[in-house]
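Asker: Next up is a structure, given as structure tokens.
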């Protein structure tokens with residue numbers, strides 16, 4: 001990319017790129033996000049390239065490898081443009097046929113289409129797939145349109161227009177006013193108004209001001225920031241640049257987990273491209289604005305997603321939080337005013353500048369504007385990343401977009417907000433998802449994890465899972481978080497083993513109060529949420545474990561026994577073969593028996609039995 | 001001067017001071033384990049909880065790292081502070097049931113047998129040893145290791161700390177007395193860090209008084225002190 005010296009040159013470059021591209025030229029778009037990589041998209045891409053070479057079609061058909069499209073459940077995903085034909089579960093063996101039939105003859109390959117699980121209808125176009133239909137993909141949708149390693153692609157869809165606009169037309173306080181008026185709240189978990197934060201940072205005295213992008217996404221099952229940074233790094237960088245200009249900063253950092261190699265690579269490529277064309281560095285677009293960004297890879301501690309721990313880690317110290325009585329906007333990185341926002345927050349900024357406050361504030365609820373990207377995982381048909389307007393109900397997310405619960409399972413709860421979030425029961429499935437409502441019902445937005453649970457999920461076991469995570473990921477600095485989460489884990493663990501005592505629930509509640517009130521950082525302050533929310537909505541399940549020594553969901557191994565229903569058993573012997581502890585005996589034509597002493601309750605027989613004869617009680 | 005109130009009494013502090021410091025200077029009793037006036041506040045033990053009212057909003061917070069601010073009102077002894085302190089003490093007692101200072105606190109706050117599984121540790125991870133070694137002595141011989149419930153203090157990589165001068169500052173500052181110092185005529189050992197260093201004899205009286213390595217280090221970091229100053233013991237200087 002040649003150097004872009006001023007706003008006029010940026011527009012010229014944009015025209016040149018668009019002029020060199022034929023919008024009607026067929027394009028094979030292959031999702032190369034992390035999920036599709038796991039499904040083998042690289043081989044699919046290679047195969048497409050080889051086929052095009054073989055058939056001498058390289059000049060006539062584009063291939064574009066993009067970031068994550070979101071529908072990870074059905075990867076590898078391929079979209080044929082401009083018709084937007086959506087193929088799922090594509091294998092290298094399908095590529096020849098796709099080129100021959102769809103690209104050359106415009107024939108649809110039925111086999112590769114998405115089938116509506118309820119109606120059985122085959123759906124041709126991406127936008128008509130229910131998973132996408134219910135979404136509002138204003139941030140994440142661009143992932144499917146660009147190759148994240150090509151700055152030309154980002155410029156072609158209007159990239160750096162917002163930056164050019166603010167540098168030319170707006171003063172820093174005017175930009176801050178726009179962000180304040182847009183109602184943008186931090187997407188990293190806290191939900192703090194971004195514009196207010198920017199203003200405090202700008203007004204804080206200091207020799208230097210820093211901006212940071214927090215890409216230390218560590219919630220189990222959450223990967224929206226990862227996919228945004230992988231799939232559209234320039235949108236995040238443009239947001240940071242606008243923020244830096246508004247705040248008066250000339251140096252930015254991206255703190256990204258080292259476990260996200262593709263994100264690290266793509267954002268690194270994007271920064272190199274920006275430096276090469278002069279959009280990072282000195283006198284950007286001839287406006288006197290100087291700014292550069294460095295990438296720092298995190299070592300994988302969950303607590304480093306906490307802003308003060310992140311800054312300590314950036315400084316080269318152990319990633320431990322400090323008290324925030326003096327805010328980081330006043331004294332953050334190297335004790336200078338520092339503005340930290342997460343990946344998704346930064347990516348919202350160019351959009352707000354381009355589309356305007358009125359457009360943006362039309363989306364969402366009164367106090368939560370815009371959209372939110374969630375990672376929808378767990379017992380749901382359509383696993384993936386979904387972007388929805390604030391205010392959408394949980395029911396719409398789980399059923400309309402997520403396609404409901406697999407098999408004959410029943411929705412039981414949804415866990416939102418990562419390990420420090422809470423479980424929301426079925427009775428609240430129609431609440432509107434926004435920052436305040438989720439907090440009100442005892443959970444939180446967090447960075448956007450959503451784990452769907454069905455009736456085979458034990459809520460005490462769920463609380464134990466998150467406590468185990470938190471006790472390991474607590475930095476260990478303060479007594480209440482370090483020892484408090486460990487003691488909570490021990491108590492809940494004992495309950496799941498049938499060793500719960502009268503008074504344990506009250507003790508857990510008392511401990512929770514102290515851990516949340518007296519811990520040093522947000523990790524500890526929110527750590528009791530998984531316990532408190534499950535006690536609040538599923539007390540009877542705790543009581544069944546404690547008083548009746550029974551796990552109603554049939555999960556806690558010490559509280560369940562396996563047996564075989566004589567009526568249903570056909571004595572096929574399959575369960576006997578898979579049992580790893582030789583607990584099943586029985587001759588041909590005689591119903592089999594499980595020795596409960598030997599049985600380790602692994603569930604292998606349940607999976608194997610075609611006759612539903614294994615009973616768990 | 002910054003004026004604020006503690007339990008209704010007007011007190012004064014200076015910018016940069018914290019609430020605990022001013023409270024202790026004025027004779028208020030706030031229990032604390034990880035705070036020391038010579039060190040930067042750390043906020044680890046969570047015992048020095050107070051309620052601070054600022055701008056009409058009251059919150060529970062640790063006083064050791066809360067900066068003194070004009071007009072705030074601090075309550076050192078409320079239902080909430082007691083409730084939080086009691087649980088902190090119970091957690092510490094379950095961790096270190098044999099440590100006298102924790103047992104005394106438990107008695108003072110009427111905390112009975114811990115309702116948790118009892119460990120047999122002797123360190124409360126207050127970090128005073130680590131901070132005194134880094135901030136005051138400046139040799140960084142010990143550090144925190146591991147995280148979460150695996151956290152402990154020890155020499156980096158848990159191997160013999162080569163920078164430890166066996167000065168004993170960690171021994172002196174430890175509130176639970178879990179860092180022991182053993183000394184003979186010829187050697188001094190910091191037992192917990194497994195560090196043994198030979199002793200130097202006083203040029204004047206011949207009594208062995210400090211490790212050679214420690215005195216060399218002091219010589220290096222101090223200016224304007226006569227060359228033979230570190231050759232003599234405290235009594236003979």
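Readers should treat all values here as calculations from the given coordinates under stated rules, not as data from a laboratory. Computed from a prediction, not measured in an experiment: that's the story for all the values here. Positions of Cβ are generated from backbone atoms using ideal geometry, with glycine treated the same way; all protein chains shown enter the neighbour counts.
Asker: Give the Kirkwood hydrodynamic radius (Å, one decimal) of chain B, defined as one over the mean of 1/r across all pairs of different Cα atoms. If you can, show how the numbers build up before the last one.
Answerer: Working: mean 1/r = 0.0496 Å⁻¹.
Roughly 20.2 Å, rounded to one decimal.
Asker: Let me check the size of the range A:96-232 from its C-alpha atoms; what are the radius of gyration and Dmax in Å?
Answerer: Using the Cα atoms of the range A:96-232, the pair Rg, Dmax is 21.1, 65 Å.
Asker: Largest first and in whole Å, give the semi-axes of the range B:105-159's equivalent ellipsoid, each being the square root of 5 times a Cα gyration tensor eigenvalue. Walk me through the numbers before you get to the answer.
Answerer: Working: eigenvalues 162, 48, 10 Å².
Each semi-axis is √(5λ); the values are 28, 15, 7 Å.
Asker: Would you mind computing Rg(Cα) / (2.2 N^0.38 Å) for the range B:128-231, counting N as its residues?
Answerer: Working: Rg = 14.7 Å, N = 104, 2.2 N^0.38 = 12.8 Å.
The reported ratio for this selection is 1.14.
Asker: Ok, one more. With a cut-off of 8 Å between alpha carbons and a minimum separation of six or more residues, what is the relative contact order of the range A:24-145 in percent?
Answerer: Reported as a whole number, the value is 28 percent.
Asker: Continuing with the same structure: Give the order of B:126, A:481, B:236 when sorted by the count of other beta carbons within 10 angstrom, beginning with the fewest. Write out the running numbers ahead of the final one.
Answerer: Values: B:126 24, A:481 29, B:236 13.
Ascending Cβ contact count within 10 Å gives the list B:236, B:126, A:481.
Asker: Dividing the Cα convex hull volume of the range A:371-454 by residue count, how many Å³ per residue is that? Don't jump to the answer; show the numbers that get you there.
Answerer: Details: hull volume 6.0 nm³, N = 84.
Spread over its residues, the Cα hull of the range A:371-454 gives 71 Å³ apiece.
Asker: Grab every C-alpha pair in the range A:507-581, bin the distances at 5 angstrom width from 0 up to the longest one, and report whole percents.
Answerer: Pairs per bin, as whole percents: 3, 12, 15, 14, 13, 11, 9, 7, 6, 5, 4, 1.
Asker: Using Cα pairs under 8 angstrom and six or more residues apart, how large is the relative contact order of the range A:372-451, in percent? Show your work: numbers first, answer last.
Answerer: Numbers: 150 pairs, mean separation 27.6, N = 80.
Dividing the mean separation by the residue count of the range A:372-451 yields 34 percent.
Asker: Continuing with this model, one more query. Counting DSSP beta bridges with both partners in the protein assembly as shown, what percentage is antiparallel, nearest 5? Show your work: numbers first, answer last.
Answerer: Working: 63 of 92 bridges.
Percent antiparallel among DSSP bridges in the protein assembly as shown is about 70.
Asker: Let me ask you something else. Okay, helix-only estimate at 222 nm for the protein assembly as shown: each DSSP H run of n ≥ 4 adds -39500 (n - 2.57), divide by all residues, round to 500 deg cm²/dmol; what do you get? Kindly include the intermediate steps, with their values, before the conclusion.
Answerer: Numbers: 29 runs with 275 residues, N = 854.
For the protein assembly as shown, the value works out to -9500 deg cm²/dmol.
Asker: Shape call for the range B:1-62 from the C-alpha gyration tensor, a ≥ b ≥ c root eigenvalues: rounded (a/c under 1.5), prolate (a/b greater than b/c) or oblate?
Answerer: It comes out oblate by the Cα gyration axes.
Asker: Report the convex hull volume per residue for the protein assembly as shown, counting only C-alpha atoms, in Å³.
Answerer: On the way: hull volume 187.1 nm³, N = 854.
Dividing the Cα hull volume of the protein assembly as shown by its residues yields 219 Å³.
Asker: Beyond 20 Å, how much of the Cα-Cα pair distribution for the range B:2-108 remains, as a whole percent? Show your work: numbers first, answer last.
Answerer: Numbers: 2162 of 5671 pairs.
Cα-Cα pairs of the range B:2-108 separated by over 20 Å account for 38 percent.
Asker: Rg to Rh ratio, the range A:21-163, alpha-carbon atoms and Kirkwood radius?
Answerer: On the way: Rg = 14.8 Å, Rh = 15.5 Å.
Answer for the range A:21-163: 0.95.
Asker: Next question, about the same structure. Which of rounded, prolate, oblate describes the range A:169-217, given a ≥ b ≥ c as roots of the alpha-carbon gyration tensor eigenvalues and a/c under 1.5 marking rounded, otherwise prolate only if a/b is larger than b/c?
Answerer: Because a/c hits 1.5 or more and a/b fails to exceed b/c, the range A:169-217 counts as oblate.
Asker: First check a/c for the range A:415-464, with a ≥ b ≥ c the square roots of the eigenvalues of its C-alpha gyration tensor; if it is under 1.5, answer rounded, and if not, answer prolate when a/b is larger than b/c or oblate otherwise.
Answerer: Numbers: a/c = 2.04, a/b = 1.38, b/c = 1.48.
Because a/c hits 1.5 or more and a/b fails to exceed b/c, the range A:415-464 counts as oblate.
Asker: Short version: what are the Cα gyration tensor semi-axes of the range A:287-330, square root of 5 times each eigenvalue, largest first, in whole Å? Provide the component values of the computation, followed by the final result.
Answerer: Working: eigenvalues 105, 51, 11 Å².
Calculated on Cα positions only, the semi-axes equal 23, 16, 7 Å.
Asker: Right, something else. Give me A:227, B:208 sorted ascending by neighbouring Cβ count inside 10 Å, so fewest comes first. Display every interim value, and only then the final one.
Answerer: Details: A:227 28, B:208 18.
Least to most surrounded, the residues fall as B:208, A:227.
Asker: Using only the Cα atoms of the range A:561-616, what semi-axes does the equivalent ellipsoid have when each is the square root of 5 times a gyration tensor eigenvalue? Give whole Å, largest first. Mind showing how you got there, number by number?
Answerer: Values: eigenvalues 45, 26, 21 Å².
Those come to 15, 11, 10 Å.
Asker: When the expected Rg is taken as 2.2 N^0.38 Å, what fraction or multiple of it is the alpha-carbon Rg of the range A:188-293? Intermediate results must be reported in sequence, preceding the final value.
Answerer: Working: Rg = 14.4 Å, N = 106, 2.2 N^0.38 = 12.9 Å.
That works out to 1.11 for the range A:188-293.
Asker: Here's something else I'd like to know. For the range A:485-617, take the convex hull of the Cα atoms, compute a quarter of its surface area, and give me that in nm², please.
Answerer: Numbers: hull surface 38.4 nm².
The orientation-averaged projected area of the Cα hull of the range A:485-617 comes to 9.6 nm².
Asker: Just want the ordering: A:16, A:282, A:217, B:51, from fewest to most Cβ atoms lying within 10 Å of their own Cβ.
Answerer: On the way: A:16 14, A:282 11, A:217 30, B:51 19.
Listing A:16, A:282, A:217, B:51 from fewest to most nearby Cβ atoms yields A:282, A:16, B:51, A:217.
Asker: Now, a different point. Of the candidates B:65, B:120, B:18, which one comes out as most mobile in a Gaussian network treatment of chain B with C-alpha springs shorter than 10 Å?
Answerer: B:120
Asker: Principal axes first, then extents: for the Cα atoms of the range B:153-213, list largest minus smallest coordinate on each axis, whole Å, largest first.
Answerer: Extents along the principal axes, in whole Å: 38, 24, 14.
Asker: Here is a further query. Give the Cα extents of the range A:1-95 along the principal axes, in whole Å, largest first.
Answerer: For the range A:1-95, the Cα spread along each principal axis is 45, 30, 23 Å.
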